[in-house]
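K.L.:
One structure, pasted below without further comment.
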Amino acid sequence: MSTREERLRVMLEARRREVLEGVPEDSWYKEEEIALQEPKAERLKRFDDALLRLEIGQYGFCASCHQEIEEEWLASLPLIRICKRCDTNAEWSGVIKQLRQLRKQREKKSQHPLWQ
C-alpha cells in the first residue's frame with residue numbers, strides 16, 4: 001500500500017469511527033448529515049464500500065476523468081467520487097443549463113401575443 005493509500009485508509013477509518021461512535025456537534029459530518037439525512041447504518045456502509053474500493057485500488061480516483069482526487073478534497077468530503085475540477089464543471093454545466101432554460105422561457109414569453 002502506498003503512502004497516499006495509507007493516509008486515505010487512516011482518514012476513512014477515523015471518519016467511520018466518528019459515525020459509529022456518534023458525531024460531535026462541530027464535526028466535519030454535521031453539514032453532510034443534514035444534507036443527506038441518511039441513517040447511520042447507511043453511512044457506515046458507504047464508508048465500508050470506500051474502504052473496500054481503497055483495498056482494490058479504486059478509491060480516490062474521479063469517476064468522471066479517472067484522475068486522482070486531491071487528498072484535501074477527500075479529507076473534507078471522504079465519500080466524494082469526483083474531483084474538484086469535475087465537480088466544478090458539473091456545477092457550471094447545471095448553471096448554463098438553467099440559463100438556457102430561462103432564455104427559452106423569455107423567448108416564448110416575448111413571442112406571446114399579449115407581450116407584443
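K.L.:
So who's got an amide H within less than 5 Å of the one on Phe61, skipping anything under 5 residues away but keeping other chains? H placed 1.01 Å off N, in plane.
P.N.:
Distant-sequence amide H within range of Phe61: Ile69.
K.L.:
So what are the ³J(HN,Hα) numbers for the range 101-107, from phi and the Karplus equation (6.51, -1.76, 1.60; θ = phi - 60°), rounded to whole Hz, Gly and Pro as x?
P.N.:
So the Karplus estimates, Gly and Pro as x, are 5, 5, 4, 4, 5, 5, 5 Hz.
K.L.:
Between Thr3 and Arg17, with labels modelled 7 Å along Cα→Cβ, what's the label distance in nm to one decimal, could you check?
P.N.:
For Thr3 paired with Arg17, the spin-label model returns 2.3 nm.
K.L.:
Give the peptides 76-85, 43-52 in descending order of average Cβ contacts within 10 Å, highest first.
P.N.:
So the peptides 76-85, 43-52, ranked by packing, come out 76-85, 43-52.
Each reported figure results from applying straightforward, stated rules to the coordinates on display, with no laboratory input. Keep in mind that what you see is a predicted model, and the values were worked out from it rather than measured. As a convention, Cβ positions derive from the backbone with ideal geometry for all residues, glycine included, and neighbour counts pool all protein chains shown.
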